[in-house]
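Chemist: My structure is below; once you've seen it, I'll send some questions.
Laboratory data are not the source of any read-out in this text; all were calculated from the coordinates shown. The shown structure was predicted, so the numbers you read here are calculated from the model rather than taken from an experiment. Here Cβ is always computed from backbone atoms with ideal geometry, including for glycine, and neighbour counts include all displayed protein chains.
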There are 2 protein chains.
Amino acid sequence: MSEATMTIREMCDTYDVTPRTLRFYESKELLFPIREGQRRLFTKRDRARLQLILRGKRFGFSLEEIRQLLELYDIGDQQHTQIAKTYEVARQRLADMERQRDELTETIADLKEQLKWGERFVASMNKPKRAAE
Amino acid sequence: MSEATMTIREMCDTYDVTPRTLRFYESKELLFPIREGQRRLFTKRDRARLQLILRGKRFGFSLEEIRQLLELYDIGDQQHTQIAKTYEVARQRLADMERQRDELTETIADLKEQLKWGERFVASMNKPKRAAE
DNA sequence: GACATACTTGACGTTGACGTAAGGCGTACG
DNA sequence: CGTACGCCTTACGTCAACGTCAAGTATGTC
């Protein structure tokens, strides 16, 4: 059974990040590891948040934007104040992401179209006029 | 009818970028405006490339990555050498983008799920136990 | 000729997201 | 006891993608 908390090294190995990155995220208030003496212990909540951070980054969100998104996820768990406002932020983000997805879908189609060209061309290079062997 | 070339200012107004950005892209070999004396003239090809640059940026591609993508688009037009290699780069990019799209779709679904919570909560805040007025 | 304007080329500044190096603390081992 | 880890903080370094500022050139225009 997985332990309740993880050390910084376990975190690094698990999620393929450096200690510096985790400390940096803490300093930016994206993670809130507890302390045992002077050492950090990362909870299940920190791990869930880190996964969302890494995912967000892959979409080009800035850390500050991700921090706002994380606020929303917290609200899902523990009902908080300021819900209406943060809710608006989230609707906004969601609309952005849907636009981005649609545009991405379109670009993929474009690119596939271009690749047809390359495909026929590459194929013709591998097949001389008449096959030998 | 649109002229064959555009000045740097026309480009800036059309695509909402700064002169500095266009010169920077030229220095990085993303654009190749011709010269009339010392001034730049941007061709139709430059405009097509700029659109792809701006689109690429929205997906978080680096300028260097975009430069590689642009090479591919050139191949679609004027058949070039090194096709097989660049073709491979493109298949790679395409796979990346499809993975990214799928993940984005999933994240959107997650986020919508969270928002249902917020929605019910916000609704309950606007409706006290029994309506007054 | 003086001036405005539109463009040019350096060159240094800025921001975000860390990398990296220096020096200190606490425990564990030989 | 020394020293070897593993972690800590502080602080300066780096890279991409431009912004910003200074100084120069060509063209028109009063």
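Chemist: Can you tell me the dipole magnitude for region B:1-63 around its Cα centre, using point charges on the Cβ only (Lys, Arg +1; Asp, Glu -1), in Debye to the nearest 20?
Modeler: Here region B:1-63 has a charge dipole of around 200 debye.
Chemist: While we're here: For all pairs of alpha-carbon atoms in region B:1-63, what percent lies in each bin of width 5 Å, listed from the first bin to the last filled one?
Modeler: All Cα pairs, binned at 5 Å, distribute as 4, 18, 31, 28, 12, 5, 2, 0 percent.
Chemist: Counting only other chains, and only Cβ atoms inside 10 Å, what mean value do you get across the residues of B:96-105?
Modeler: Shielding by partners across B:96-105 averages 5.
Chemist: In nm, what does the list of distances from A:Gly60 to its counterparts in the other copies look like, shortest first, when each label sits 7 Å along Cα to Cβ?
Modeler: Listed shortest first, these distances are 1.0 nm.
Chemist: For region B:96-103, what does the Karplus curve 6.51 cos²θ - 1.76 cosθ + 1.60, with θ = phi - 60°, yield as ³J(HN,Hα) per residue in whole Hz, taken in order and with x for Gly and Pro?
Modeler: In residue order, the calculated couplings are 4, 5, 5, 4, 4, 5, 4, 5 Hz.
Chemist: Give me the distance between the Cα centres of region A:37-78 and region B:12-30, rounded to whole Å.
Modeler: 35
Chemist: Within region B:1-56, which GluC sites (Glu not before Pro) sit in a loop by DSSP and count at most 11 neighbouring Cβ atoms inside 10 Å?
Modeler: Listed in order of number, the matching sites are B:Glu3, B:Glu29.
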